[in-house]
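K.L.:
Before we start, here is the structure in question, set down as structure tokens.
The values are calculated or read from the model by the stated rules, or taken from the named source; none is laboratory data. These numbers were taken from a predicted model, which means no experiment stands behind them. Note that we place each Cβ from the backbone using ideal geometry, even for glycine, and neighbour counts take in every protein chain shown. Heavy atoms of the whole protein, side chains included, go into the accessibility calculation; ligands, DNA and RNA do not. Shrake-Rupley method; radii C 1.70, N 1.55, O 1.52, S 1.80 Å.
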Amino acid sequence: MKITSVECFSGPFITVRINTDEGVYGWGEAGLAYGNSWDAAWGQCQDFAKLIIGMDPFDTEAIWEHLHRHTFWGMGGGVVITSAMAAIDIACWDIKGKVLGVPVYKLIGGKTNSSLRAYASQLQFGWRSKIEEIDNLTVLQEPQEYYDVVKDAMKDGYDAVKIDPVFVPYERVTDPVALFSTQGTHHRGCFRQHDLKLAVDRIAAAREAGGPDLDIIVEIHSLLDANTASELGRALEPYRIMYYEEPTMPTNPSNFRHIKQKCDLPLATGERSYTRWGFRQFFEDRTLSIIQPDLANTGGITETKKICDMAQVYDMGVQIHVCGGPIATAAALHVEAAIPNFVIHEEHNANLRSQFVKGGVHYYAPVNGAYTVPEIPGIGQEMSEEYIARSKKAVIGVDTPKYSFV
């Protein structure tokens, strides 16, 4: 079997469809369809697609190593590089599963988790019973609103939630688009006491709404420096936090050791760490309790499985970061079904937009706050014709030059 062409789509998500000489195709996704690297990832998918024409999609290790070691920039990594590697890798695994007639999880060890517990993510924007599109996200301000939104998620069967209490600015914001460009208040050094109180009051309201059995994950999106994150972490200790996610930037892992020494919350990070090399110091320092690799950004199924296996050596749990589309969600669930150190799955507010799924049917949807992975060959999910029609498209084939110079 040989790869004959790769179709790269840039629409509501960044995806690739790899085609073969036997008529079997596979879907993959690059995870950069949020933030500001959209076109870079789409372009990188096209660049790397040129390098895999003629290769066997079953040779996932060889393809990964080729893109990593033989492209000069591949060994340096970075999210644009590894997101394109991820898209190609996921699509190849999808092909393998389809050809063999088995779901991908069976190819990476089989199912160790038949039910995958999920949490309702990013509740500072409301919950999906009140929203239908990402553009309609609300912006919750007052503690009472956080109380109410936790109740909304619990009605859908969730017994765990994630909230960022500092992402939303402390002054009322009505335009979510403007919010995404400001990302709240970046605190440095220490909190003003009224800001600290509001952040804590938001989490206190969530705890009151959920009672003692609700698990609360506190997300910071790296908006704090290590000192300020430590201060907030200490203030949140009475509220039994499941883990404290991205309290500061992950690019200096020793700062996590500083936070760990200053507060008793379990720490987590990973969505902005890429490949095994990006997680290495966190493993060696044992500063994290939970790792959160984004499968669609850190190199795909091939690399994420290795990161998860490394984490198990250090008794670290895994929650794959999911903030992408249907392909990224499905691929993450296959890995989580297979690994023994799975903890919980991220069910993002933006998931389940059925118009982008082929047939309009989500084969991956939570029931009462939990997932099961269906017995569908490959990844088990494809993008819809509506998605394809809405997207920019580039086709890379046997006649496409591998290199072009202007």
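K.L.:
Enumerate the pairs (first residue in region 374-400 and within 23 Å of Phe48 (Cβ to Cβ) and of a type in the set (Ser, Thr, Tyr); second residue anywhere and open to solvent by less than 90 Å² (accessible area, probe 1.4 Å) and not in a loop (DSSP other than H, G, I, E, B)) with beta-carbon separation below 6 Å, excluding pairs fewer than 6 apart on the same chain, so at least 6 apart or on different chains.
P.N.:
Going by the 6 Å Cβ cut-off, the qualifying pairs are Tyr387/Phe356; Ser391/Phe9; Ser391/Ser10.
K.L.:
Would you pick out the residues in region 11-63 that are closer than 21 Å to His321 by Cα, of a type in the set (S, T, N, Q) and open to solvent by less than 30 Å² (accessible area, probe 1.4 Å)?
P.N.:
Thr15
K.L.:
Further, regarding this structure: Filter region 341-372 for residues that are modelled with pLDDT under 75 and farther than 21 Å from Phe125 by Cβ; which is surrounded by the most Cβ atoms within 10 Å (Cβ to Cβ)?
P.N.:
The first filter runs over region 341-372 and keeps only residues modelled with pLDDT under 75, leaving 350-355, 359-363.
After this cut, where a residue has to be farther than 21 Å from Phe125 by Cβ as well, the list is 359-361, 363.
Values: Gly359: 11, Gly360: 10, Val361: 10, Tyr363: 17.
Among those that are modelled with pLDDT under 75 and farther than 21 Å from Phe125 by Cβ, it is Tyr363.
K.L.:
Continuing with the same structure: Criterion first (within 26 Å of Asp152 (Cα to Cα), among the basic types (Lys, Arg), assigned to a helix (DSSP H, G or I) and open to solvent by less than 10 Å² (accessible area, probe 1.4 Å)) does Arg202 satisfy it?
P.N.:
When the stated conditions are applied, Arg202 passes them.
K.L.:
Looking at region 101-115, which of its residues are touching a helix residue (DSSP H, G or I) at 6+ places or on another chain (Cβ under 7 Å), touching a residue at least 40 places away in the same chain (Cβ under 8 Å) and either under 22 Å from Ile63 (Cβ atoms) or crowded, with 18+ Cβ neighbours inside 10 Å (or both)?
P.N.:
Pro103, Val104, Tyr105, Ile108, Gly109, Asn113 - these are the residues of region 101-115 that are touching a helix residue (DSSP H, G or I) at 6+ places or on another chain (Cβ under 7 Å), touching a residue at least 40 places away in the same chain (Cβ under 8 Å) and either under 22 Å from Ile63 (Cβ atoms) or crowded, with 18+ Cβ neighbours inside 10 Å (or both).
K.L.:
Then there's this: The conditions are (1) outside any loop (DSSP other than H, G, I, E, B); (2) under 21 Å from Ala332 (Cα atoms), and Ala62 fails exactly one of them. Which is it?
P.N.:
Ala62 satisfies all of (1) outside any loop (DSSP other than H, G, I, E, B); (2) under 21 Å from Ala332 (Cα atoms) except (2).
K.L.:
Follow-up. At least 1 residues that are closer than 30 Å to His194 by Cα in each: list the helices (runs of 4 or more DSSP H) lying fully within region 66-166 that qualify.
P.N.:
Once the helices (runs of 4 or more DSSP H) in region 66-166 are filtered for at least 1 residues that are closer than 30 Å to His194 by Cα, what remains is 143-155.
K.L.:
Still on this structure: Please give the number of the condition Tyr243 fails out of (1) at pLDDT below 95; (2) surrounded by 22 or more Cβ atoms within 10 Å (Cβ to Cβ).
P.N.:
With respect to (1) at pLDDT below 95; (2) surrounded by 22 or more Cβ atoms within 10 Å (Cβ to Cβ), Tyr243 is out only on (1).
K.L.:
Which residues, counting only those in region 293-309, are hydroxyl-bearing (Ser, Thr, Tyr) and more than 11 Å from the chain's Cα centre (by Cα)?
P.N.:
Going residue by residue through region 293-309, those that are hydroxyl-bearing (Ser, Thr, Tyr) are 298, 302, 304.
Answer for region 293-309, where residues must be hydroxyl-bearing (Ser, Thr, Tyr) and more than 11 Å from the chain's Cα centre (by Cα): Thr302, Thr304.
K.L.:
Here's a follow-up. Against the conditions (1) open to solvent by less than 10 Å² (accessible area, probe 1.4 Å); (2) at pLDDT below 95; (3) assigned to a helix (DSSP H, G or I), where does Phe180 fall short? Just the number, please.
P.N.:
Going through (1) open to solvent by less than 10 Å² (accessible area, probe 1.4 Å); (2) at pLDDT below 95; (3) assigned to a helix (DSSP H, G or I) one by one, Phe180 breaks only (1).
K.L.:
Taking the condition of a type in the set (Val, Ile, Thr), without any contact (Cβ under 8 Å) to a residue 40 or more places away in the chain and open to solvent by less than 20 Å² (accessible area, probe 1.4 Å), does Thr304 pass?
P.N.:
yes
K.L.:
When you go through (1) under 23 Å from Asp399 (Cα atoms); (2) free of Cβ contacts under 8 Å to residues at least 60 places away in the same chain one by one for Gly35, which number turns out not to apply?
P.N.:
Checking Gly35 against (1) under 23 Å from Asp399 (Cα atoms); (2) free of Cβ contacts under 8 Å to residues at least 60 places away in the same chain, the one that fails is (1).
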